[in-house]
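Q: Quick one: the structure is below, questions incoming.
The values are calculated or read from the model by the stated rules, or taken from the named source; none is laboratory data. Not measured: the values here are computed from a predicted model. When we count neighbours, we look across all protein chains shown, and the Cβ atoms used for this are built from the backbone with ideal geometry, even at glycine. Side chains are part of the model used for accessible areas, which takes the heavy atoms of the whole protein and leaves out ligands, DNA and RNA. Shrake-Rupley method; radii C 1.70, N 1.55, O 1.52, S 1.80 Å.
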Amino acid sequence: MAAPDSTPTQSNPAPTKPLPDRYAGVKIPTRKRLRVASPMKFTLIDRVLEQDYQRIVALKAVTTAEEYLGDHFPGFPVLPGVMMLETMAQAARQLVRGVDGPPHGGPLVISDVRNLRYAAMVRPGQSLKVEVALRKRDDDGIEFQGLGTVDEQIAVQGRFRLAPLRPA
C-alpha cells in the first residue's frame, strides 16, 4: 500500500512548527494582513564605528560564506536589498538600546518603510557602511533616517520606523 501523499495543498497545508514560548499570545499576521516582520535571528552588524544618543555608524562586511548569496544571484552574488534594510534596522535597534536600554513592550520590528531607494550593489569582499539617525519618537514607535554606502557610493537610503511587536 502506498504512503499517503504528504504534498502541501490548499486542503492539506504543510505542517508548521510550534512557536517558541516568547511568542505566546502574539497574533501572527497572515500573508493578507502582514504589517511587520519579526526581528532577525542573526546579527548582520560586524562593528559599530561611531555612536552617540542620536546617530550610529556601523559596518557589515559581506563574505562569500553567507548562505543567501548562493541564490542571489548565481554567478553574480550581491547583498539582497532586504538585507541592506535589515542591517540599517539592526543598527537602529543598537542605537535605541544604547540610549534607552532594552526595549519595552516587546522586540522592535520594522513597522513602516518610506522612500527607500537602492543604488550601488554590495558584493562579497566589500563592506556596507550604514549611518542611521533618530528622526522622531512617538507612541507609535521610533522613526529613523538610514543611509548605506559601499566604496563611497550610496547603496541604500530611506526612512523607516521601528515599533514594539505587540500581542494581539
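Q: With viscosity set to 0.890 mPa s and temperature to 25 °C, compute the Stokes-Einstein D of the stretch 62-127, Rh being the Kirkwood radius across alpha carbon pairs; µm²/s, no decimals.
A: Approximately 177 µm²/s, per Stokes-Einstein.
Q: Once ligands and nucleic acids are excluded and a 1.4 Å probe is used, how much of residue 139 is accessible, expressed in Å² to the nearest 10?
A: Approximately 140 Å² of residue 139 is accessible to the 1.4 Å probe.
Q: Tell me, how many Å apart are the Cα centres for the stretch 121-164 and for the stretch 70-98?
A: The two parts, judged by their Cα centres, are 10 Å apart.
Q: How do the peptides 143-151, 49-57, 84-92 rank, highest first, by the average count of neighbouring beta carbon atoms within 10 Å per residue?
A: Order by mean packing, descending: 84-92, 143-151, 49-57.
Q: Over all distinct alpha-carbon pairs, what is the Kirkwood Rh of the stretch 75-168 in angstrom?
A: Hydrodynamic radius (Kirkwood, Cα only) of the stretch 75-168 equals 13.9 Å.
Q: I would also like to ask the following. Residue by residue, what Karplus-based ³J(HN,Hα) values in Hz, rounded to whole numbers, does the stretch 72-81 have, using 6.51, -1.76 and 1.60 with θ = phi - 60° and x for Gly and Pro?
A: Here the 3J(HN,Hα) series is 10, 10, x, x, 8, x, 9, 5, x, x Hz.
Q: Show me the three semi-axes of the equivalent ellipsoid for the stretch 43-93, from the C-alpha gyration tensor (sqrt of 5 times each eigenvalue), largest first, rounded to whole Å.
A: 25, 10, 7
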